[in-house]
Amino acid sequence: MASACPGCSYEQSSGGHFPLPPALGRLALLAMLAILAAILTAAMGMQYAFGEIPCPLCLLQRYAMFGCCFGLILQLRSGRSERGTGVALIFAVLLLVIALRQTLLDIYPRPGHAYIGSAVLGLHLPVWSALIALALLFGLAARLALFGGVCDASDDKHHFARLARALAVYITLLCAINFVSAVMQCGLGECHTFGYRLLQ
């Protein structure tokens, strides 16, 4: 007997088996969300531990990552809509555009135009941001290709609910800290990379 939700990954096939349960799709979303949370934590750790104040383009990339996170959170909370995936895809494209712009601006080192911050595994943070954006785009597209629409299946909707809520609270806290830090850095004027304006 076919599922009541056409196009969903748990629809029973003619062979009578369920090749890709929806729980795997939600696990993929959780994995992407956890990885983004770890990346944002590491970026903010470098900012506070090593005094590497983010440049304006770096802040925009960070905001785009937060946008991807909130899109993933929305998708984990939704039942029959892919709106959250759409939000995450929009911010992933925005992240890619900003990261590539900064990478191309600084691709040739010259006085006053060197890369901002330290290199991680030989790559500077704008290059990492571009790679992260590409990975997000590929991951979200692969999830749609493999799992199709998300159904409001009671067995899967709450399976990872506790972990999803914990990640959502943690990322919201990170976003609030980042917002306060950006206000302290930039004030109400032009942003810069030389110190926290409201503390000077």
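The values are calculated or read from the model by the stated rules, or taken from the named source; none is laboratory data. From a predicted model like this one, the values you see are computed outputs, not experimental measurements. Using ideal geometry, Cβ is built from the backbone for each residue, glycine included, and neighbour counts are taken over all protein chains shown.
Here is how the numbers come out for the structure above:
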quantity: Within segment 51-98, tally of residues that are of a type outside the set (Phe, Trp, Tyr) and under 13 Å from LEU136 (Cα atoms); calculated: 18
quantity: Considering residues of segment 171-190 that are surrounded by 16 or more Cβ atoms within 10 Å (Cβ to Cβ) and of a type outside the set (A, V, I, L, M, F, W, C) only, the residue modelled with the lowest pLDDT; calculated: GLN185
quantity: Scope segment 55-104; condition in contact (Cβ under 8 Å) with a residue 12 or more places away in the chain and basic (Lys, Arg); matching residues; calculated: ARG62, ARG77, ARG80, ARG101
quantity: GLY67 at pLDDT 85 or above, surrounded by fewer than 19 Cβ atoms within 10 Å (Cβ to Cβ) and closer than 26 Å to TYR48 by Cα; calculated: yes
quantity: So LEU94, is it touching a Leu at 6+ places or on another chain (Cβ under 6 Å), surrounded by 17 or more Cβ atoms within 10 Å (Cβ to Cβ) and within 25 Å of HIS192 (Cα to Cα); calculated: no
quantity: Filter result for ALA168 (out of contact with any strand residue (DSSP E or B) (no Cβ under 8 Å at 6 or more places or on another chain) and either at pLDDT 85 or above or buried (at least 19 other Cβ atoms within 10 Å of the Cβ) (or both)); calculated: yes
quantity: Candidates GLN61, GLN47, GLN12, filtered to the one that is at pLDDT below 85 and closer than 24 Å to GLY187 by Cβ; calculated: GLN47
quantity: Test for GLY25: is it among the small types (Gly, Ala, Ser), within 21 Å of the chain's Cα centre (by Cα) and either at pLDDT 50 or above or over 14 Å from ALA164 (Cβ atoms) (or both); calculated: yes
quantity: Residue that is modelled with the highest pLDDT, among those in segment 121-150 that are more than 19 Å from the chain's Cα centre (by Cα) and under 13 Å from GLN75 (Cβ atoms); calculated: PHE147
quantity: Condition met for ILE98 (of a type in the set (A, V, I, L, M, F, W, C) and at pLDDT 85 or above); calculated: yes
